[in-house]
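Structure, as structure tokens:
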Amino acid sequence: MAVQLLILALFLLVVPVLAGSIFARTDRGSGSLLFRWVSGQFLLWMGFQLICVPLILRERSFGNVSALFLGYTAALALLASAAEIRRLARGASLPAWSLGRFFRGRQPVEAALWLLFWGLFLFQMVQAVRLAYADGDDAYYVAVSVLTEESGTMYQRIPYTGLTTGLDTRHSLAPFPLWISFLSRVSGMRTVSVAQVVLPLVLIAMAYAVFGLLGRRLFPEKGWKLPLFMLFVELGVIFGDYSIYTVENFMIARSRQGKAALGSIVLPFLFLVLLGLLKKLQEKEKIPPSMYLLLGAAAVSACLCSTLGALIVCMGVGIVGILGAVSYKRPGVLAPMALSCLPCVCYALLYLFLEG
Amino acid sequence: MWSEALNLFREYMGTGLLTVWFVLSLAYLWVREKDESVRILFVYMPVVVLLLYFNPLFAELVFRMAEEEIYYRILWLLPVTLVNAYTVLHIFGQAWGRQTAGGKKARLKKGFACGGAVLGMGAVLAVSGSYVYSNPNFVKAQNFYHVPDSVVHICDAIVVPGREVMAVFPLELVQYVRQYTPLVCMPYGREMMVERWNYDSDLCTAMEAEEVDMEELAALVRQEDCHFCILRADKVILGDPKDYGWILVDEIDGYVIYRDPARELTVPGRK
């Protein structure tokens, strides 16, 4: 079990942080560990989607997907490590985080607010392991992960029963459950445990990491505002069960499902990148190509999570892009933003073609 | 289309209180927020999203492309929690930043007042929502798989390494079985539990009947090529399963496992 958890930590924490160093100079604060972790995961998700969907449609085995994605992950990690070593040789320092440094020099009120935030965060982590949420959709999504890992076929059997069927094109364009199968295969942990116990811990933490990065962008000055903002966000999440459709309900109760990742991680991350882009437009700064790559990674990751993700991301990018171009009189920004949404358009067209 | 969109919006809002706070926050930020980038993301974008959501032409387009029941996910582009939290901070940031006449005592008084107001605002947001862990679907996990122990024990008892088995389960267990192991196949699964999908199965009807008619059940189980049949231990059975050739395998966690030997169950590699 310990070895399995260590392998999962490698694939869910260490590799994304390494991969995320590619974006270390994209924006203010993008060199932080949190930003590297989240952006690196988006790069990995993008790769998984781009590798997986064509192979599913060609009815290849999951072993092919697994091997290719493992190669992609290794290549990304090696490339990012080489780039990081070059940066270190030029005198840059490694990002680091320590509890002592986190609390050092903070006012008592600020420290107390952070303590309260971390206490509530820990409570949610404990609840994610201690409580099981009975959701009927797991009978599909988790069963797909389990079935794929065991049988090696992808979307060719009915997950509810195990009976053989034709290729399920509708769900196969958003193969988030297969990413769970991959994690199970490389770690050796039972797929149901990866989906129901390990992933909620990581994905809930990642959602808060994105909220934290957004908070840091909104309240860049040191002080009580950021921890108080995070506390209010936490309150919104913990008391967000006012309907079964809310992002907050999905985030806490159904975190292993792709649509939950779409609502609680991908869309907030999209807001973060869009906010960074708008700030750059406002300050008349040049927008680095890596920012558009991040937008593209978020867009492709949305497609991995849910077929409707393509439309939602295109809507978000389109609305903010047009508003930003008009407000700051920078129409030139629209073309690269549209280009970053191109994969979504391709997936949407593919969906319409296959379902048509 | 418009009425369906409206119904979904109503369901999405729940009690509607947090949506009221969200709309008030939008109005506040529209008037008081100076940073254009934040205005675009937290005010203009949500407004445009809402306009699109309620646009019948847009709704029809999405309804044609995707399932109607997932149209509500467009509303995920409304950053309700983020906007509410940001607005609270904006209000108190402004109040805190205002110059206070007087000395240390006055500042302390102001600090307490602001602290009290923040607590009050937090309480209002909490009361407006619903505590996620009070959701009745949350239950204490029985194991590291987050599926009921009974499913784990029954599947472990019937599974044959290296091959699949076909088993019919009571409805309350079907959604968990194939999450635990893909080696147990079922003639029907969770699709039977969703009324609007209109699935029908004679075997399911026979299994869930108040009194199980063995003659009917045995024929249907055989017809569906099931190796095993799992029945609730307290189920009233009309007839004796042994009379139909069934073998009692075990009784686990309130369920009885029967094996129908009519369907062969050879283990790969074993003669």
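The values are calculated or read from the model by the stated rules, or taken from the named source; none is laboratory data. Predicted model, so just to flag it, every value in this text is computed and none were measured. Cβ placement follows ideal geometry from the backbone for every residue including glycine, while neighbour counts extend to all protein chains displayed. When the accessible area is computed, the model is the full protein with side chains, heavy atoms only, and any ligands, DNA or RNA have been set aside. Shrake-Rupley method; radii C 1.70, N 1.55, O 1.52, S 1.80 Å.
Could you tell me which trypsin sites (Lys or Arg not before Pro) in region A:261-356 are loop residues by DSSP with no more than 14 other beta carbons within 10 angstrom of their beta carbon?
On the way: sites: A:279, A:280, A:284, A:286, A:329; in loops: A:284, A:286, A:329.
Answer in residue order: A:284, A:286, A:329.
Given the options A:326, A:38, A:198, which has the most mean-square fluctuation in a GNM of chain A, springs set between C-alpha atoms less than 10 angstrom apart? Highest fluctuation of the listed residues: A:326.
Counting only other chains, and only Cβ atoms inside 10 Å, what mean value do you get across the residues of A:313-322?
Numbers: counts 1, 0, 9, 6, 0, 1, 11, 7, 0, 3.
That average works out to 4.
Only protein heavy atoms count here; under a 1.4 Å probe, residue B:144 has an accessible surface of about 70 Å². How tilted is helix B:56-65 with respect to the longest principal axis of chain B? Cα atoms for both, answer in degrees (0 to 90, nearest 10). So the helix axis and the longest Cα principal axis differ by about 30 degrees. For chain A, the relative contact order comes to 19 percent (Cα pairs under 8 Å, sequence separation of at least 6). Taking a ≥ b ≥ c as the square roots of the eigenvalues of the alpha carbon gyration tensor, region B:141-271 is rounded, as a/c is under 1.5. Nearest 0.05, what FRET efficiency do residue A:334 and residue B:67 give at R0 = 30 Å with Cβ-Cβ as r? E(calc), rounded to 0.05, equals 0.45. For peptide A:154-167, the mean count of partner chain Cβ atoms within 10 Å of a residue's Cβ comes to 4.
The figure for residue A:57 is an accessible area of roughly 50 square angstrom, using a 1.4 Å probe on the protein chains alone. Calculated accessible area for region A:85-189 comes out at 46 Å² per residue, all protein chains present (probe 1.4 Å; ligands, DNA, RNA ignored). Computed 3J(HN,Hα) for region A:31-48, one whole-Hz value per residue from the Karplus formula 6.51 cos²θ - 1.76 cosθ + 1.60 where θ = phi - 60°, is x, 5, 4, 4, 5, 4, 4, 5, 5, x, 5, 5, 5, 5, 4, 4, x, 4, glycine and proline marked x. Restricting attention to chain B, close to 60% of DSSP beta bridges with both partner residues there are antiparallel. Going by the alpha-carbon gyration tensor, a ≥ b ≥ c the square roots of its eigenvalues, is region A:164-213 rounded (a/c under 1.5) or, if a/c is not under 1.5, prolate (a/b greater than b/c) versus oblate? Judged from the Cα gyration tensor, region A:164-213 comes out oblate (a/c at least 1.5, b/c at or above a/b). For chain B, modelled as a GNM whose springs connect Cα atoms under 10 angstrom apart, the maximal fluctuation among B:106, B:85, B:233 occurs at B:106. When only the Cβ of Lys, Arg, Asp and Glu is charged (+1, +1, -1, -1), the dipole of region A:142-236 relative to its Cα centre reaches about 260 debye.
Just reorder B:130, A:243 by solvent-accessible area, largest first, 1.4 Å probe, all chains present.
Sorted by accessible area, descending: B:130, A:243.
Under 27 Å of direct C-alpha separation, and excluding same-chain neighbours fewer than eight residues apart, residue B:242 reaches these lysines: B:271.
Placing unit charges on the Cβ atoms only, positive for Lys and Arg and negative for Asp and Glu, gives chain B a dipole magnitude near 2900 debye about its Cα centre. Of the GluC sites (Glu not before Pro) found in region A:8-116, those in coil by DSSP whose Cβ has at most 14 other Cβ atoms within 10 Å are A:59.
Of the GluC sites (Glu not before Pro) found in region A:247-356, those in coil by DSSP whose Cβ has at most 12 other Cβ atoms within 10 Å are A:283, A:285. Based on Cα contacts under 8 Å between residues 6+ apart, region A:227-327 shows a relative contact order of 21 percent. Interface A-B: total buried accessible area of about 7700 Å², 1.4 Å probe, protein heavy atoms only. Note on B:62-73: average number of Cβ atoms from other chains within 10 Å of each residue's Cβ is 4.
Have a look at B:24, B:61, B:231 and tell me which one the Gaussian network model of chain B (Cα, springs below 10 Å) gives the largest fluctuation. Residue with maximal mean-square fluctuation among B:24, B:61, B:231: B:61.
Going by a ≥ b ≥ c, the root eigenvalues of the Cα gyration tensor, does region A:209-294 fall in the rounded group (a/c under 1.5), the prolate group (a/b larger than b/c) or the oblate group? Write out the running numbers ahead of the final one.
Details: a/c = 3.13, a/b = 1.46, b/c = 2.14.
Oblate is the answer for region A:209-294, as a/c is 1.5 or above yet b/c matches or exceeds a/b.
Helix-only arithmetic for chain A: the sum of -39500 (n - 2.57) across DSSP H runs with n ≥ 4, divided by the residue total, places the mean residue ellipticity at 222 nm at -22000 deg cm²/dmol.
Based on C-alpha pairs under 8 angstrom that are at least 6 apart in sequence, chain B has a relative contact order of 13 percent. In the full protein context, region B:187-228 carries 57 Å² of accessible surface per residue, based on a 1.4 Å probe and ignoring ligands, DNA and RNA.
Can you give me the % of accessible surface on the protein assembly as shown that is carbon or sulfur? Probe 1.4 Å, all protein chains present, nothing else counted. If you can, show how the numbers build up before the last one.
Working: 16620 of 26610 Å².
Result for the protein assembly as shown: 62 percent of the exposed heavy-atom area is carbon or sulfur.
Could you tally up the Lys pairs in region A:178-283 with alpha carbons closer than 23 Å? Skip any pair fewer than 8 positions apart unless they're on separate chains. Walk me through the intermediate numbers first.
On the way: A:222/A:279; A:222/A:280; A:225/A:279; A:225/A:280.
Lysine pairs meeting both conditions in region A:178-283 amount to 4.
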